[in-house]
Amino acid sequence: MQAQSQVAPRRPALQKDPMTVMVLKATDPIEYGSPGQRKTKVFLATVATSNQVFQVKVLNFKLKKAFKEKNVIILSQYIRYKNVLEINQRSSVLKAPENQTIEVPERIWIRAQNPPKIIALRQENSDNLPTIVSGLFRLKKKKDRKKTTAYVIEDDTGTMEVVGSEICYGIRCEEGDILRLFCFYLKKIKEDLKLISGKYSVLEVFNTNNQEQPSSLTIKLQFEMNSPQKPRGINCTIKMENTAEE
């Protein structure tokens with residue numbers, strides 16, 4: 001999942017006009033809710049048009065079947081903030097007619113698979129802030145404060161602090177765990193760039209002691225373009241390689 005800077009409304013806005021997208025991937029259910037409150041099941045998805053990638057938070061778990069990979073669906077009555085969409089109980093998600101297709105270029109598929117690098121986030125143009133960031137990162141350390149939790153994340157290019165509040169506060173995790181960040185805001189705080197949680201943010205933990213790891217943790221992709229006439233996707237061989245230090 002890439003960080004993107006896009007021309008869009010500064011505040012979340014209800015989108016009534018339908019938008020046709022292709023589903024690139026969707027997560028398993030995630031328990032969502034503030035500490036002490038009843039949890040609900042949500043899932044996250046990545047969808048694309050022919051020229052743009054969107055991250056989607058789906059609050060209606062009954063829609064999971066519609067978000068099958070490579071499905072072409074029509075969204076309406078959804079909330080949008082930059083490249084993030086929220087699908088709630090009032091939203092409409094319909095499967096597109098069979099004759100309605102979308103050509104998703106190879107570069108869009110690659111952008112959706114690769115998380116942003118911390119060094120690239122640190123080089124973001126300050127005029128574009130806040131930039132919305134989603135991706136998988138390894139936890140270096142964690143510190144709980146009075147109202148926020150500082151999660152220091154790292155990759156092979158550097159480290160960055162993630163500030164979690166409300167539903168992203170005090171989440172149980174340990175050094176070395178993989179954190180999935182969804183819709184965090186890159187902002188400059190006291191001359192330092194940090195990722196800040198907001199209304200649409202989700203933080204999910206993958207314990208490294210478990211054998212199951214998120215598939216998008218595989219960073220290296222080896223593509224084999226068998227035919228340029230296949231617009232709905234590309235045939236690829238995924239080479240699984242753990243780049244973390246032993």
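For segment 13-112, what log10 I(q)/I(0) values come out of the Debye formula at q = 0.10, 0.13, 0.14, 0.15 1/Å, with one point per alpha carbon and no solvent?
-0.26, -0.44, -0.51, -0.58
For T159 and K39, what is the calculated FRET efficiency with R₀ set at 30 Å and r taken between the beta-carbons, to the nearest 0.05?
0.50
Among the GluC sites (Glu not before Pro) within segment 39-137, which fall in a DSSP loop and have no more than 12 other Cβ atoms within 10 Å of their own Cβ?
Here the sparse-neighbourhood loop sites are E69, E98.
Please list the non-local residues whose amide H lies under 5 Å from the amide H of T159, H modeled 1.01 Å from N, same-chain partners needing a gap of 5 or more.
Long-range HN contacts for T159: none found.
I want to check a number: in segment 83-178, how many lysine pairs have alpha carbons closer than 23 Å, given a sequence separation of 8 or more or different chains?
For segment 83-178, the number of qualifying lysine pairs is 4.
Computed from the coordinates by the stated procedures, all read-outs in this text should not be read as laboratory data. For clarity, every value in this text was computed on a predicted model and none was experimentally measured. Positions of Cβ are backbone-derived with ideal geometry, glycine not excepted, and every protein chain shown enters the neighbour counts.
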